[in-house]
Structure formats: structure tokens, C-alpha cells
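Engineer: The structure is given below, and queries will be raised subsequently.
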Number of protein chains: 2
Amino acid sequence: MELLIIPLICGIAALIVTIFIAKSVVKKDAGNEKMREIAGYIEEGAMAFLKKEYKYLAIFIVIVALIIGVFLSIQTAVAFVIGALFSIIAGYIGMRTAVKANVRTAQAAKTGVKEALSVAFSGGTVMGLCVVGLGLFGLGTLTIVFDLHTEYITGFGLGASSIALFARVGGGIYTKAADVGADLVGKVEAGIPEDDPRNPAVIADNVGDNVGDVAGMGADLFESYVGSMISAITLGSVLTAVAGRDAAIFPMILASIGIIASLIGIFIVKSNKGDNPQKALNAGTTISGILVIIFGAVACYVMFDSLKLFIPVVAGLVVGMIIGKVTEVYTSSEYKSVQLIASESETGPGTNIIAGLAVGMKSTVIPILLIAVGIFVAYYGVGGNSDAMIGLYGISLAAVGMLSTTAMTVAVDAYGPIADNAGGIAEMSHLDEEVREITDKLDSVGNTTAAIGKGFAIGSAALTALALFAAYAQAVNLTTIDLLNPVTLIGVLIGGMLPFLFGALTMASVGKAASQMVQEVRRQFREDKGILAGTVKPDYSKCVEISTEAALHEMILPGILAIAAPLTVGILLGGEALAGLIAGGVVTGVLMAIMMANAGGAWDNAKKYIEGGAHGGKGSYAHKAGVVGDTVGDPFKDTSGPSMNILIKLMTIVSLVFAPVILEYGGILLNIFK
Amino acid sequence: MELLIIPLICGIAALIVTIFIAKSVVKKDAGNEKMREIAGYIEEGAMAFLKKEYKYLAIFIVIVALIIGVFLSIQTAVAFVIGALFSIIAGYIGMRTAVKANVRTAQAAKTGVKEALSVAFSGGTVMGLCVVGLGLFGLGTLTIVFDLHTEYITGFGLGASSIALFARVGGGIYTKAADVGADLVGKVEAGIPEDDPRNPAVIADNVGDNVGDVAGMGADLFESYVGSMISAITLGSVLTAVAGRDAAIFPMILASIGIIASLIGIFIVKSNKGDNPQKALNAGTTISGILVIIFGAVACYVMFDSLKLFIPVVAGLVVGMIIGKVTEVYTSSEYKSVQLIASESETGPGTNIIAGLAVGMKSTVIPILLIAVGIFVAYYGVGGNSDAMIGLYGISLAAVGMLSTTAMTVAVDAYGPIADNAGGIAEMSHLDEEVREITDKLDSVGNTTAAIGKGFAIGSAALTALALFAAYAQAVNLTTIDLLNPVTLIGVLIGGMLPFLFGALTMASVGKAASQMVQEVRRQFREDKGILAGTVKPDYSKCVEISTEAALHEMILPGILAIAAPLTVGILLGGEALAGLIAGGVVTGVLMAIMMANAGGAWDNAKKYIEGGAHGGKGSYAHKAGVVGDTVGDPFKDTSGPSMNILIKLMTIVSLVFAPVILEYGGILLNIFK
């Protein structure tokens, strides 16, 4: 058990570094009074959202903890509460730092690219290190306290998943309601530019970047990070006869190595001396990946006298990186997919939409094949052909491998919205053109890293869900999940349908919330002419409130669906049908997530490509078509698409946690026919 | 074996009635010279397409027959050729009659609704009766000749599927290339109305209705009709120990009853005395359904002394009918989904598209749950809990039950494009306003029946594919298809992805073909000013040629994909992985088919709803947004969506036919690890 000290130490180390970096960010110059005023609104709005969210969360956590305590065990309930709290703390610290880093990035941009990058990236780093630090420390502690009783530890994953639901789905609705609402009235009706302080929804829009892209993304990857390890620990603990407890501890050792590698990668980015932010971020990411491979191989050899178990780790890491790269190919204007959408815009919005959907659908092919190869290599690489259990364990190790550099991934990803916010603040406080140019440069790099991050989040969600699926099967004693059994087939059908329903609900929510926002902005413009004249400050807080209310209200139905659907199918049709549901849900969920994320990203960049001068540039017929594509793409890439990640993981972890209930009461509809 | 005389007699009876009805249609008055001229162009264009298609088909059939002959058996190759030929003959007769019925419907509309309905419906009836007559006669004959050797009979299904691929996918590309091309230049650029004889693409557009909606739909349902019976015969022939040969013959008896019931239903529609075409068609459909239930129950009791095997038949029939009804709810402007899309159009094309996609995704829920209930009732209703084989046989009987009234369904469905064509001819030959009103009334009923027909085609394709899936599992000796086996999971992932790729390819094909059409129409307008002035006849045949070439050329890649993907996965990863691929493909294929068909139908009707005066009516901002939605919906509902039906059935029947090859050589990649 002494090996378990390592994850604890690494987790704490990450948290200590976090504190130092967070403090260094806060110490930076926050600029002039105007900048501080605007940043204050954003911070206020973000905190208002968190405060409101915590009220809902408190009720939710208490109810679910009670249910778990009654039907399962007190220990699981405790693990659940800790998982939820840790995710909340990570989100709180990450977002708090992000809303302080944005204005300081704008101020640093007055000095140069290098300085601005350093501040923005430091802000993102805090989120990244919080996620892995709290995730690994929490899991390590519970593993020691509960002495590897995985049925308790899974509660930690459910806690993480629950918060991810609120943060990612709620955050996705928040950010797009504000964005679409601000654009429709501000840009289209009133004809004022983006990030104009006269727009009442502009602060909500900036808050949304933090809520959706910092806290939402962080919670999503916290869930994947924790979920992948839980599946590996669960499957590894079954292998004790073969490998002692080492198989259960190995995933956490890998995560520890990942933290060390990420810290080095972060150091490399921060000590960047050049003026190319993309290059610096790439260098950090690549080096941390290589370090994981080197240190991981050593650790694996020391622990098992063989490198066999390391094959899936490398497979996962490589697959994750290639999926990110593929995402870039389909969503960057340097490649032909985006250019095709742009050229199809010349014949209007109809052909723009058709082209974008086709690109999105086509972009599923390579990631799916990569995941398939990853599964194959992971399973057979560890010897799954002679022992199925070790093969499934291999799949879970691939997920752990993919997620080992999570700290780095989240840091790079959370950097984007900070740079985006910095640009908004620069615009609103009328800073020099050169400052805006630097923030724009950082923002444009952020768009690429965001696309890569999205691809990575989907890939890791898929592999995590599949690993949890294997752990679930083990927990309900299924040795086969037979597609010739009609209830399995029914489960697959229903599970496959759920992402479609989930997508429909979240898209409709954005529509509803955005139209409330439109009405509020119109009302403010109408009732006080001074706002558009620039003499009266608009009521920002009212718009923040609308987004907050909508986000938290509109996520209830999808949330209930994600939790109730697996339990209902499990209780009515039994554990095998539920396994089918998970498999079906994972398959269509991943496909929809990739399709929506890439189509959305491609539409966004096709619009920007046209704005850059192609096909007539800004104001042309093609540009108008491009704007339509971007409007459709917004909820695709920032709400419904990312929500799929949560759906598939949440359904799986709910099934895993409630496995004992399914085992005892599942299949009541089938018993009628027996 | 004497029972097998019944299907032969019923099949021949259907064909004899067909001849009489076809002759009666041709005898009707074809109107004035102008009408005959225009109808002549359409007929010519349709025949030009068929002639070209047959050239491609001849090569394809010879190659595939040779492959089958070499790798499987001469008998299977013979059955394949017969299946292909029968589908071709049904398509030829059906389309030939349809292009004669259109102008005669326009002429009959001068007398009244009743008369016009009678001619249009007679035209559709010929397609419907040809499908079931040739399908049942062919299968019955092969069953007798091959003495229930199902490994040969499956070739008949593959033949049917191959033609369906050409007819449905090629037809779908043909019709939308012409439609979009005609609209973009004619309506938008030149500002001339729909169906204007000055538009060079107008004939291609009218030909497209026949190619896509008559021949394409007919071949699709011919494939389902034949495929469902083949699966039931295959599974039933395994049950000989339990039920003698009766279980294998029962599906064909049911089909025979379906033909009789449909003939009565057709008679009821034709003897309609009222002026409400919708009511007449509904009455015919309902009565034929009820008759199948009554006669079928009697037949089942006589054959098996029990009504147990009749439970799935009723389940299939009822599920099929409700799915059709649900389709109507999501795509008719009388319900709130379409009205929501229309009201969202007020804020522009972006929100129109988002709303339409959300409606499409949401509309998958009820059909999937219905299919799930159908599977459950069919499996457990026949006693699948004690004998899995009989349960799977039950699922195939549900498919047969759903398809028993195919003659009626196809007749009602093929009536739509005939009425649509009649309207076009009336417009182009400047007939009275009243005539056009009558054809419009028939056409609008046709839109509803088309939507219902699409829902039915998807539902039946799903159930047929699942039944064939069970037959495939039996053919490759799989007793379980285990989702915990990684290759099965890989198969499910790849299979799930294929409909996305297929959808992307077909959507891109429509885009490419439509832009060729746009260029040709522009060229004609530019090079001869007399065309737009109405003094010079445009070159219709050039546009027909472009659609024809594009349709046949663009379907090669999707076609190869549908055939090569299952074989590749089967050979590399084995029979169980291939089973996973089929299951994954069926699930996402059905979901995408429903989503695309219903979103497309809803967009279409939302546009029409606005044109009817809502939200500002024709020419308003909302209307422009509605037109964009309709443009996106066109390839959704008429090309990519329906192509999914073909994809899932074709992949399954290819697997079933090549089961012996998979059994012998499958899984070469796995053998490396053994």
C-alpha cells in the first residue's frame, strides 16, 4: 500500500504549485480604472452564477446522497459528496483565477505577446492543476481509506459526473444564450460591434466564456480523469490474483507521472521566450506527452517486470493526440473542409448548412477508426485473447493513458477563454489598437486549442465511458452482453436514441434562453435611449440573471433524463438491457459529439475565413450565409455537442454506482414472462 | 408443400390485376396536344434514365453474379439475378405507368376530384401490385425449386437490395440535383415560377419525381418485402423440428393474405364516391389492415392450432401504422412542431435550421420506443423466453406483418408523385385554374401520404434489417454476439459511423450534381435569350442527361462502401465483429433516417405554412428563412434519409449471403493473436 503515497504526494504537489501560480496571477497589474471596472462586472457575473448554481447543487447533492445512503451505503454517499465537492472547488478556483487573469492579460498585452501569453496561460494552468490535483488526491485518499473497496470509490466518480452535468450542460446553455442574444440584437438589429459596452448582454457573454469554456470544460475533464481511473481501479482490483494490488494502483501511478510531466510542460510554456504562442503551447504539450511515455515505461517495468501493460497507455495517448490533430484538420481554415463550406456559402445559407453538416458527418470517420484501433491494441496488447478480464483492464488503461496529461490539456484549453475575455476588456476599455492585435493573436491560437481540446474531450469521454462500461459489466456479474438477446437489442436502440433526444432538448433550451435574452436587450434599448447613445450604463446584471436562471432551469430535464433513463431500463429490463443502453448511448453519443463539435467549429472558421477577405469578404452574400452557419454551429459546438460527453459518462457511472440495485431488483418486466 | 401454391396463385393474381389496371390507365384520355407534348418529354426523360441505368446494372449484375457463383454457388447466383431482374421489371412497369398516368390525371381533373384521384391512384396501384406480385411469385417459386434451401434463396434478396441501391440512392441524387438546380436558377435568379416550361431543368425535375418517389420508393419496399420474408423463411426453416415446414411457409401465406386484403383496399379507394381523397385513401389502408388481421388470424389458427405466432404479426402491423401516424404529427403544419419552425423563422434562417434539427432529433424518440415495444412483444409473445430461436423468428414475423399491406402502402405512396406531375403538366400547358386547384388538392394529400410512407419505409427497413441480422447470426453459427468482446464493440462503433459517412457522401453528391445543373441552366439562359422570352424551347434533354449521369456516377462510392465495409470487417475481424457492425449500423441508420426524413418534411411544410400567410406570408423575412430550411431539408428527406434504409438492409443481406465466406475465412486479423 505504500505505493499509494505517490499519488497523494503528486496531488498535493499540484495543488501547492496551483496556489503559487494563482497568487502570482493576482499580483499582476490589473490595469487602469476602466479595465478594472469592466473586469469587475465579469467577475461579479461569474460569481453570481456560481452562487446561484451552488444553491441548486446543495439541494441536488443532499437528495442524491440520501438516495445513495439508503439504497447503497453510507460510504458510497460520502465518496459521492467528496467527489462533488472536489469538482466544485476545482471549478471555483479555476474560474475565480480566470476572471482575474483576463484583465491582467489585457494589461500585460501592453508589454508584448510573451508577457500576455504568460499571464493567460498561468490562469489556465490553475484550472488544469486543480483538476488533476484534487482528482488524484481525492481518489488516492479514498482508495486508502476504503482499502480498495471499489463499490464505495465509484461514488466519487458519480459526484464528479453530477457537477459536470451542471457545469457543462448548464454552462453550455448559459454561454450560448448570452452569445446568441447579444449578437442578434446588438450586431444585427442595433448595428453595434462585438464586445461593445453599450450592449446590455455583453457582460453575460464574457461571463459565459468563463462559465462554459473554463468551468464547463474543467468539470468535463475532471469527470473523465476520475472516471477513467475508477474504471481501471475497479477492473484492476479484480486482477489481484494475477498481479497483486499493483494492477489497481498502477493507474494512479500513471496519473502521478502525468502530473510531473505536465508540470514540466507547463514550465516550458511559461519560460517561452519567443513571440509565437502556438509554438510554445505545442512544445509544452508534446514534451509532457513524451515524458509520460518515458517515465511511464520505467514505472511499468519496475512494477510488473514487463512493458505489456504499458502498450495500452501509449495507444491511448497517441490516439488522443491524433484525434486532436484530426479535429484541427476539419475545423481550421487552412484545410479544404472549411474552405469548401466557405465556397458553398456563395450560393447562400442553404448550401452552407448542407456543406457544414456533410463535413461534420464525414469528420466522424477517422476518430471512430482511431478509437477502434485503440481498443484493439489495448485489449490484445495486454493479452486479452487469453484473458478477457485483463483485456478490458487494458482498455481502461488506454483511457488513463489518454488522460494522463490532463493538467496540460486543461491549461491549454482554459487559456483560450481568458485570452478571449482579455480581448473583450481591451475593446470595451478602448485600449490601443496594438494591444487588441496581441489579444486577437492569442485568441486566434485559443480557437485552435479549443477545437483540439474538444476533440480530446470527446475521445477521452468515449474511452472513459467504454472502460466504465466494462467495469459496470463486471459489477453486475455479466460475462456476456448478448446482442441476440432482444432486451440487449432494445437497450442498444433506446440508448442510441438518447443522445438525439438530449441534443434536441439542449438545442431547444438555447433557443428559448436566447429569445428571452433578445427581449431583455430590446427592452433596455427601448426604455432608455441613453444606453445606445453611450451616456447611460446598461443593466448588465439583469442579462446575467437571465442567462443564469435559464442555464440552471433548462438543464433539469436533460439531467433527469441522463439519470432516470439508465435506471428505468435497468429496473424494467435488467442489467443486460442496461449494458445495451450504455453501448448504444456511447456509440451515437460519440458520433453526435464529433459531428456537432466539428461542424460547429468548421462553420465558425468558414465565417472567419470569409471575413478575412475570401468570397467577397465582410458584408458579402457569402458572408451572410457564413453568419447563418455560425449561428447554427454555436449551440452545436458549445452546448449540445459537449453535453454528449457528459451524457455518456453520466449514464455509465450511474449504472456502475447503482449496479447493486440493478443486480437485486433489475428486470421486473422480464420476470412476468418467466 | 402444397401450401406453397397459395403464394404463387396470389402473386400471379396480383400481376394479372396489374395488367388490367395498367391497360385501363393507358386507355384514358391523354388530353390536348400541348399536354401530350410535355408528358412526352417527361416520359422520354424517365426512359432515358432507365436505359442508362440498365447499362450500369447489366455490368454490375454480371460481376456480382460471377463473384457469387465462384465463392458461393451457382444456385445463389441464379437467385440473385432473378431478384435483380424482378425488381427491375417492377420498377420499369411502375414508372412506365406513372409517366402515362400523370397527364391522364391532369386531363381527368377537368372532370373532378373523384375522377382525377381514380387515375392517379390506379397509376400508383400498378407499382404497388407489381412489387408484391413479383416479390411473392419470385420467392415462392425459388422456395419450391430450391426446396427451402435458404442459402440459395437469400440471393434473391441480395438482387432486390442491389437494385434498391441504384434506384433509391441514384434516384435520390437524380431528383434533388434537378429540383435544387431548377429552383436556384429558375425561381431565385430568373424569377420564373415553379414548373415553368421556360426552365431547362423543369422536365428533369418532373422526371425526378418519378425516378425518386415512384421507382426509388418501390425498389426500397420491394427490398424490405422480400428481405423480411427471407429472414422469416431462414429462421422458420430452423424450427422444422418444432413446427414442420409450416413455420418457413407461414410468412408467404401471410403475404398472400396481405395481397388479397390490399386488393380489397384498392377496390375501396377506387370505388370512392366522395370528394375527399385523403378519406378515401385512409379508408382503403385501414380496411386492408383490418382484413390482414382477420384472415391472418384464421390462417394462423388453421396452420398451428394456436394464435401465438400471430401476436408478432399484429404487433408489426400496429407499430408500422403508428410510426406512420407519428411521422405525420412531426411533419404536418397542423401540429406544433412545424408551427414552431415557422415561428422560429422570424428571427432568420439560423434559428429556423436549429429548430428543424431539434424537431428531427426529437422525432426519433417515439418510433424507436415503438420498434422496441414491437421487438419485445414479438419475441416474448411467441415464447422467446423459453426458446430463443422461436423468439427471433417472432421478430421476423413482425417485419412480415408490418409489410403485409405493402401493395396498399406503395400504391398510396406512388400516387403522390403522379398527382405532383399532373400539377406540373397542368401548369405547363396552361390549363384552367380549377384544374390546377384539383391537382393541388391531390398533391397536398400526396405530401401527407409521402411523409407517412417514409416513416413506414424506415420502420419496415429497421425491422427487416434486425430480422435479417438474426438470420445472419444463425447462418454464421453465432449463439451469442458479445458486447464485452472488443471486436464486437469495434464492429458496433464502425457500423454506427457508416450511416454518418453515407449521409455525408450522399449530401455532398447532391451538392455537386446540383451545381452542375445550375451551370447548365445558366448557360442555356445566357446563350439563347429566346428561352426566357418564351419563344425558343430550352434543351430539356441536356438537363435530363446531367441528372442521369450524376445520379449513376455519384452512387458508385456509397454503393461500394455499403458492400465493402461489412465484408472487410467480417474478413479482418470475423463474424461476431460483423454482427456488431450490422447492429451499430442499424441503430444509427434508423436514427439518422428518421431524423433526416422528419426534419426535411417539417422544414418543407413550415415553408408552405408561411406561404399560406403565417408570419408575414410569401416574400417576408420569415419566408426567406423558411426557404433556406427547405433547401437543407431536400437532400435530407429525399436523398440521404431514404438512402439509410438501403444501407442498413444491404449491409445485412450482403453479410447473410456471404455468411459461408465469413465462416471460412473471417477474422484473419484475430488469428495473428491466437
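Engineer: Looking only at the range B:490-507, filter to residues that are buried (at least 24 other Cβ atoms within 10 Å of the Cβ) and touching an Asp or Glu at 6+ places or on another chain (Cβ under 9 Å); which one of those is nearest to A:Leu370 (Cα to Cα)? Full working, then the answer.
Structural biologist: Residues of the range B:490-507 that are buried (at least 24 other Cβ atoms within 10 Å of the Cβ), as a first pass: B:490-500, B:502-503, B:506-507.
From what is left, the residues that are touching an Asp or Glu at 6+ places or on another chain (Cβ under 9 Å) are B:491, B:506.
On the way: B:Gly491: 13, B:Thr506: 24 Å.
The qualifying residue nearest to A:Leu370 (Cα to Cα) is B:Gly491.
Engineer: Let me ask something else. Taking B:Ala473 as the residue in question, decide whether it is part of a helix (DSSP H, G or I), away from every other protein chain (no Cβ under 11 Å), of a type in the set (A, V, I, L, M) and buried (at least 24 other Cβ atoms within 10 Å of the Cβ).
Structural biologist: Taking the combined requirement at face value, the residue does not satisfy it.
Engineer: A further question follows. Can you report the number of residues in the range B:544-559 which are among the hydrophobic types (A, V, I, L, M, F, W, C) and surrounded by fewer than 19 Cβ atoms within 10 Å (Cβ to Cβ)?
Structural biologist: 2
Engineer: B:Asn199 - would you say it is over 24 Å from B:Ala84 (Cα atoms) and of a type in the set (S, T, N, Q)?
Structural biologist: So B:Asn199 fits the description; yes.
Engineer: While we're here: So, in the range B:377-393, of the ones that are within 9 Å of chain A (Cβ to nearest Cβ) and of a type in the set (Phe, Trp, Tyr), which residue ends up surrounded by the fewest Cβ atoms within 10 Å (Cβ to Cβ)?
Structural biologist: Ranking the candidates gives B:Tyr380 first.
Engineer: Going residue by residue through the range B:457-469, is there one that turns out to be within 22 Å of B:Met35 (Cβ to Cβ) and within 19 Å of the chain's Cα centre (by Cα)? Break it down stepwise before answering.
Structural biologist: Restricting attention to the range B:457-469, the residues satisfying the condition of being within 22 Å of B:Met35 (Cβ to Cβ) are none.
No - not one qualifying residue is present in the range B:457-469.
Engineer: Please tell me if A:Gly216 is within 24 Å of A:Ser87 (Cα to Cα) and assigned to a helix (DSSP H, G or I).
Structural biologist: yes
Engineer: What helices (runs of 4 or more DSSP H) lie completely within the range B:568-674 and have 3 or more residues being of a type in the set (D, E, K, R)?
Structural biologist: Because the criterion is at least 3 residues that are of a type in the set (D, E, K, R), the helices (runs of 4 or more DSSP H) in the range B:568-674 that meet it are B:575-611, B:621-635.
Engineer: I would also like to ask the following. Considering only the range A:315-363, state which residues are of a type in the set (D, E, K, R) and farther than 19 Å from B:Gly356 by Cβ.
Structural biologist: A:Lys325, A:Glu328, A:Glu334, A:Lys336, A:Glu346, A:Lys362, listed by residue number.
Engineer: Select, from B:Leu578, B:Leu669, B:Leu656, B:Leu572, the only residue that is buried (at least 24 other Cβ atoms within 10 Å of the Cβ) and within 12 Å of another protein chain (Cβ to nearest Cβ).
Structural biologist: Sole residue among the options that is buried (at least 24 other Cβ atoms within 10 Å of the Cβ) and within 12 Å of another protein chain (Cβ to nearest Cβ): B:Leu578.
Engineer: Which of (1) within 13 Å of chain A (Cβ to nearest Cβ); (2) over 25 Å from A:Gly626 (Cα atoms) does B:Lys649 not meet, given it meets every other one?
Structural biologist: (1)
Engineer: If you don't mind, there's one more thing I want to ask. Cβ-Cβ under 8 Å, sequence separation 6+ or interchain: first residue in the range B:506-518 and more than 7 Å from chain A (Cβ to nearest Cβ), partner basic (Lys, Arg). Which pairs?
Structural biologist: B:Val510/B:Lys176; B:Ala513/B:Lys176; B:Ala514/B:Lys176
Engineer: Is there a residue in the range A:113-121 that is under 18 Å from the mean Cα position of the chain (by Cα), over 30 Å from A:His623 (Cα atoms) and not aliphatic (A, V, I, L, M)?
Structural biologist: Yes.
Engineer: Which of the residues spanning the range B:268-293 are among the aliphatic types (A, V, I, L, M) and farther than 21 Å from B:Met229 by Cβ?
Structural biologist: Passing the criteria: B:Ile268, B:Val269, B:Ala280, B:Leu281, B:Ala283, B:Ile287, B:Ile290.
Engineer: Exactly one of (1) closer than 15 Å to B:Gly401 by Cβ; (2) at pLDDT below 90 is unmet by B:Glu346. Its number?
Structural biologist: (1)
Engineer: Inspect the range A:404-416 for any residue being closer than 30 Å to B:Thr364 by Cα, of a type in the set (D, E, K, R) and buried (at least 24 other Cβ atoms within 10 Å of the Cβ) and give the result as yes or no. Steps first, answer last, please.
Structural biologist: Residues of the range A:404-416 that are closer than 30 Å to B:Thr364 by Cα, as a first pass: none.
No - not one qualifying residue is present in the range A:404-416.
Engineer: Right, A:Thr488: in a helix (DSSP H, G or I), at pLDDT 90 or above and away from chain B (no Cβ under 12 Å) or not?
Structural biologist: no
Engineer: Hey, another quick one. State whether the residues of the range B:550-557 include one that is within 14 Å of chain A (Cβ to nearest Cβ) and assigned to a helix (DSSP H, G or I). Give the steps one after another, and end with the answer.
Structural biologist: Within the range B:550-557, the first condition is being within 14 Å of chain A (Cβ to nearest Cβ), and the residues that meet it are B:554, B:557.
Add one more test, that the residue is assigned to a helix (DSSP H, G or I), and what stays is B:554, B:557.
Yes.
Engineer: Shifting gears a bit: If I ask for residues that are farther than 27 Å from A:Ile19 by Cβ and either of a type in the set (D, E, K, R) or assigned to a helix (DSSP H, G or I) (or both), which ones from the range A:68-101 would you list?
Structural biologist: Of everything in the range A:68-101, those that are farther than 27 Å from A:Ile19 by Cβ and either of a type in the set (D, E, K, R) or assigned to a helix (DSSP H, G or I) (or both) turn out to be A:Ile68, A:Gly69, A:Val70, A:Phe71, A:Ile74, A:Gln75, A:Thr76, A:Ala77.
Residues checked against (1) within 30 Å of A:Ala614 (Cα to Cα); (2) in contact with a strand residue (DSSP E or B) (Cβ under 6 Å, 6 or more places away or on another chain); (3) within 13 Å of another protein chain (Cβ to nearest Cβ):
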{"site": "A:Glu334", "(1), (2), (3)": "yes, no, no"}
{"site": "A:Gln339", "(1), (2), (3)": "yes, no, no"}
{"site": "A:Pro349", "(1), (2), (3)": "yes, no, yes"}
{"site": "A:Ile371", "(1), (2), (3)": "no, no, yes"}
{"site": "A:Ile375", "(1), (2), (3)": "no, no, yes"}
{"site": "A:Ile395", "(1), (2), (3)": "no, no, yes"}
{"site": "A:Val400", "(1), (2), (3)": "no, no, no"}
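Residue by residue, here is whether (1) closer than 21 Å to A:Ala475 by Cβ; (2) hydrophobic (A, V, I, L, M, F, W, C) holds:
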residue: A:Ala583; (1), (2): yes, yes
residue: A:Asn598; (1), (2): no, no
residue: A:Gly601; (1), (2): no, no
residue: A:Lys624; (1), (2): no, no
residue: A:Asn645; (1), (2): no, no
residue: A:Gly666; (1), (2): yes, no
residue: A:Leu670; (1), (2): yes, yes
residue: A:Phe673; (1), (2): no, yes
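Engineer: Separate question: Specify the residue that is surrounded by the fewest Cβ atoms within 10 Å (Cβ to Cβ); the eligible residues are those in the range B:560-569 that are in contact with a helix residue (DSSP H, G or I) (Cβ under 7 Å, 6 or more places away or on another chain) and over 17 Å from B:Thr506 (Cβ atoms).
Structural biologist: Residues of the range B:560-569 that are in contact with a helix residue (DSSP H, G or I) (Cβ under 7 Å, 6 or more places away or on another chain), as a first pass: B:561-563, B:565-567, B:569.
Still in the list and also over 17 Å from B:Thr506 (Cβ atoms): B:566-567, B:569.
Working: B:Pro566: 30, B:Leu567: 17, B:Val569: 29.
Among residues in the range B:560-569 that are in contact with a helix residue (DSSP H, G or I) (Cβ under 7 Å, 6 or more places away or on another chain) and over 17 Å from B:Thr506 (Cβ atoms), the one surrounded by the fewest Cβ atoms within 10 Å (Cβ to Cβ) is B:Leu567.
Engineer: Here is a follow-up. When the range A:352-367 is examined, which residues are found to be at the interface with chain B (Cβ under 9 Å from one of its Cβ atoms) and surrounded by fewer than 24 Cβ atoms within 10 Å (Cβ to Cβ)?
Structural biologist: A:Lys362, A:Val365
The values are calculated or read from the model by the stated rules, or taken from the named source; none is laboratory data. Model, not experiment: these values are computed from the prediction. Methodologically, a virtual Cβ is constructed for each residue, glycine included, from the backbone with ideal geometry; neighbour enumeration extends over all protein chains shown.
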